[in-house]
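The values are calculated or read from the model by the stated rules, or taken from the named source; none is laboratory data. The structure presented is a predicted model; accordingly, all values stated were derived computationally and were not measured. For neighbour counting, all protein chains shown are included, and Cβ atoms are generated from backbone atoms with ideal geometry for every residue, glycine included. The protein model used for the area step is the full one, side chains on, heavy atoms only, and it has no ligands, DNA or RNA in it. Shrake-Rupley method; radii C 1.70, N 1.55, O 1.52, S 1.80 Å.
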Amino acid sequence: MDPLRFVEVGPRDGLQNERAVVPAERKAAFVDALSKSGLREIEAGAFVSPEAVPQMADSDEVFARLNRQPGVLYSALVPNMRGLERALAAKAGKIAVFTAASETFNRKNIRASIAESIERFRPVIRETKAAGLPLRAYVSTAFFCPYEGRISPAQVLPVVESLLGLGIDEISIGDTIGRASPQDVRALLRALGATVEPEKIFLHFHDTYGMAIANALTAWREFAITGFDASSGGLGGCPYAPGASGNVAMEDLVYAFAAEGGETGIDLNRLTEAAKSLEPVLKRPLASRLSKVNLDGGNND
Ligand code: HMG
Ligand code: MG
């Protein structure tokens, strides 16, 4: 079986929607702790408008403070050329652009239609390739939109195909409001499977309805998808998706895959401790199940 590929998005997707102000120094320490848990890729920040997402305004400083580990890719979310310039100056190792399958969500999130956003990516893609960096694209609201309701696979497919046609290396399919269930995942992956190789697909589940782990295991078992995004601690939500809870917790997802015989390469103790280090700053308990378990204690048998 192909190895699992986990992308940790807690420092970006998680912290962008936490109420507490987390200083750059703490964010960098969080990323550094994550980088010692066996994770190979960490989205360490977003170079978006500071007015749109104040929590990410200090991503330049976070990147500058990183104690980079060999073999770990530190990626960055970028909406436009200004964001790319900042990401390149910060020495991000991979660039992620983002659009959506729902017009209303996209307009609220990045003030552009889907077609306009894809046009905006063209120079970003060209310059990222010129810099020799890999590229990911997110397609948000791929199952449900907080404004438009259910989104059909027929709405997602053309967006994915245009992005791949522009030379994007991988697509992260977002269940932005955490509402998809395994039958929705099957329907979308069946539709994508006709034209998109499974290696190019990552799934990005938020966990509002508690279905994210069932969704991920379904995608892995039935469609050979090996790429999954998650946030350690289950941090965050989405500022433009009212009511959405955080990403599925990385430690809970890794635990589920390991229990099902998957090769994860991740040290669960280190991963869980990394997220727990934020509890005093967030001033609330983490959402993840494993953060409430004593992993060294006797209750794991
Ligand atoms: P706009 O207002 O149309 O952009 O916003 P603009 O080009 O007119 O610029 C407005 C101002 O922002 C200007 O400043 C720019 O300089 C500044 P002013 O001249 O007025 O002082 N600006 C920037 N500053 C720093 N870095 C930049 C940048 N760009 C513009 N890169 C824009 C359009 C896309 C920029 C804005 O709406 C934006 O940044 N949106 C980001 C929204 C966001 O980050 N959302 C959360 C991430 S997406 C997500 O979480 C979903 C995901 O997890 C997957 C899933 O769950 O589905 C990925
Ligand atoms: Mg997200």
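Miscellaneous remarks
- When THR195, THR226 are checked against the criterion of being among the β-branched types (Val, Ile, Thr) and modelled with pLDDT under 95, THR195 stands alone in meeting it.
- Restricting region 198-210 to residues that are in contact (Cβ under 8 Å) with a residue 24 or more places away in the chain and part of a loop (DSSP other than H, G, I, E, B), the residue that is surrounded by the most Cβ atoms within 10 Å (Cβ to Cβ): ASP207
- Unmet criterion (only one of (1) within 27 Å of THR208 (Cα to Cα); (2) more than 13 Å from ligand 1 (Cβ to nearest atom)) for LEU135: (1)
- Scanning region 256-274 for residues that are assigned to a loop (DSSP other than H, G, I, E, B) and closer than 27 Å to LYS27 by Cα gives THR264, GLY265, ILE266, ASP267.
- Selection from region 221-231 of residues that are surrounded by fewer than 24 Cβ atoms within 10 Å (Cβ to Cβ) and within 17 Å of the chain's Cα centre (by Cα): THR226
- Residue pairs whose Cβ atoms lie under 7 Å apart, separated by 6 or more positions or on different chains, with the first residue in region 164-178 and away from ligand 2 (no atom under 14 Å from the Cβ) and the second open to solvent by 20 Å² or more (accessible area, probe 1.4 Å), are LEU164/LYS200; LEU166/ARG122; GLY167/LYS129; ASP169/PRO134; GLU170/LYS200.
- Hits in region 1-25 - residues which are closer than 17 Å to ALA64 by Cβ, surrounded by fewer than 17 Cβ atoms within 10 Å (Cβ to Cβ) and either within 16 Å of ligand 2 (Cβ to nearest atom) or of a type in the set (D, E, K, R) (or both): GLU25
- When region 55-68 is limited to residues that are touching a residue at least 24 places away in the same chain (Cβ under 8 Å) and outside any helix (DSSP H, G or I), the one that is least open to solvent (accessible area, probe 1.4 Å) turns out to be LEU66.
- Filter result for the condition that a residue is open to solvent by less than 10 Å² (accessible area, probe 1.4 Å), among the small types (Gly, Ala, Ser) and within 16 Å of ligand 2 (Cβ to nearest atom), over ALA28, ALA44, ALA52: ALA44
- Taken over region 235-280, the criterion of being at positive phi, modelled with pLDDT of 95 or more and within 15 Å of ligand 1 (Cβ to nearest atom) is satisfied by no residue.
- Applying the condition of being out of contact with any helix residue (DSSP H, G or I) (no Cβ under 9 Å at 6 or more places or on another chain) and not hydrophobic (A, V, I, L, M, F, W, C) to region 112-146 and asking which residue is most open to solvent (accessible area, probe 1.4 Å) yields ARG126.
- Failed item, numbered, when ALA256 is tested on (1) aliphatic (A, V, I, L, M); (2) buried (at least 16 other Cβ atoms within 10 Å of the Cβ); (3) farther than 25 Å from SER291 by Cα: (3)
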